[in-house]
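The values are calculated or read from the model by the stated rules, or taken from the named source; none is laboratory data. A quick note: this is a predicted structure, and the numbers were derived from the prediction, not measured. Here the Cβ is made from the backbone with ideal geometry for all residues, glycine too, and neighbour counts use every protein chain on show. Areas reflect the complete protein model, heavy atoms only, side chains present, ligands, DNA and RNA absent. Shrake-Rupley method; radii C 1.70, N 1.55, O 1.52, S 1.80 Å.
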Amino acid sequence: MTARPKILVTGSSGVLGSGFLEMASTFPEFSFIFSTSDEVDLTDLEGTKKYLKKLAPGMIADKAWKFSEL
């Protein structure tokens, strides 16, 4: 049996990321990993590298962003 490709979705508690979470079950051929800022601080380069090395995703869907007023 072949392992399913892993897709890391960052920002899974936000609007776009939660959309991925809702539709993930319609793509059983992939293994989705959902993360939030509580699990990894994407502004911390070394921490992000360690996190990615640990998970070893084949693909990344980066849906994390911070809204700020102009």
Q.
Can you tell me which residue is modelled with the lowest pLDDT among those in region 38-69 that are open to solvent by 90 Å² or more (accessible area, probe 1.4 Å) and not charged (D, E, K, R)?
A. PHE67
Q: Output the qualifying pairs, or none if there are none: Cβ atoms under 8 angstrom, residues six or more apart or on different chains, first residue in region 1-23 and at positive phi, second residue basic (Lys, Arg).
A: GLY11/LYS63
Q: Among the residues of region 3-53, write down those that are in contact with a strand residue (DSSP E or B) (Cβ under 7 Å, 6 or more places away or on another chain), under 14 Å from ALA64 (Cβ atoms) and part of a helix (DSSP H, G or I).
A: GLY17, PHE20, LEU21
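Take the conditions of a type outside the set (S, T, N, Q), surrounded by 11 or more Cβ atoms within 10 Å (Cβ to Cβ) and in contact with a Phe, Trp or Tyr (Cβ under 8 Å, 6 or more places away or on another chain) and apply them to PHE34. Does it pass?
Numbers: of a type outside the set (S, T, N, Q): yes; surrounded by 11 or more Cβ atoms within 10 Å (Cβ to Cβ): yes; in contact with a Phe, Trp or Tyr (Cβ under 8 Å, 6 or more places away or on another chain): yes.
For PHE34, the condition - of a type outside the set (S, T, N, Q), surrounded by 11 or more Cβ atoms within 10 Å (Cβ to Cβ) and in contact with a Phe, Trp or Tyr (Cβ under 8 Å, 6 or more places away or on another chain) - is met.
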Q: Quick one: PRO57 ticks every box in (1) part of a loop (DSSP other than H, G, I, E, B); (2) in contact with a Gly (Cβ under 8 Å, 6 or more places away or on another chain); (3) of a type outside the set (Lys, Arg) except a single one, so which number is it?
A: (2)
